[in-house]
Amino acid sequence: MVRALIEYLSRRPTSSIYVIEDDNRGIAERFDAAALLGVDLGLPPEYVKVHRIAHLENRVDRSKPLIFILRDPFESISSDLRHIPQLIVWLTRRWPKEWAHFIENTREYVAWPGPKLLLYYEDIKSAPDASIRAIGEFLGVPEARIAEAKTNFTTIAGVGLISLPRKSRSGSDVAFYRKRRWFSYQIVAPEDLRHLFARYDSVG
């Protein structure tokens, strides 16, 4: 959804460092939504999607701006593992590994030397207007375009939602982890990051 918002606000396609389902073509082109988002597909992308900042390695100048989306780690990890059978999660120690990656990624954000914007996943869902304004001001787009994005958010969100990969629920499900909150004993935020997770009950 944030990629769709960036494309709408900037009028430029986004890209990805991952070559998965032609993801480098951007939301507007991949889903034939250039007209809906007002994207000029002739322009080069300015923003690149990455799941973990460490994946960038030396491919991106770290003076570039960064938009970082933070979600309740318990919910985030549960969602990522929902398609993996619980036994495999236990045997491969995936849960603590995912938590370690989550912390590493957050530290990479804190250490990012260029301009950066922190967005909370929950705020994007519950208070989209504030998130749209934050993104628009960070991108430096005109006020009128920010107002348009607020008005057209339902359309933009629809484009963002259809771009989400559909994971099978035949194995594990987020509900399994939600019912077993003892997983959260492994989610204890380091002192230097605790201020970022203060809003989340699942983080000790």
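Couple of notes before you dig in:
- Amide H contacts of I67: L117, each under 5 Å away and 5 or more positions distant or on a separate chain (H built 1.01 Å from N in the peptide plane; Pro and chain starts excluded).
- Distant-in-sequence amide contacts of S15, defined by a placed amide H-H separation under 5 Å and a gap of 5 or more residues or a different chain, comprise Y47, V48, K49.
- Mean Cβ count within 10 Å, highest first, over the residues of peptides 133-145, 27-39, 84-96: 27-39, 133-145, 84-96
- Pairs over the 19 Å Cα-Cα cut-off, from the set K64/K125; K125/K150; K49/K150: K64/K125; K49/K150.
Taken together, the values in this text are just the output of simple stated rules run on the coordinates, not laboratory data. Everything numeric here is computed off the predicted structure, so don't read it as measured data. All Cβ positions, even for glycine, are placed from backbone atoms using ideal geometry, and neighbour counts span all protein chains on display.
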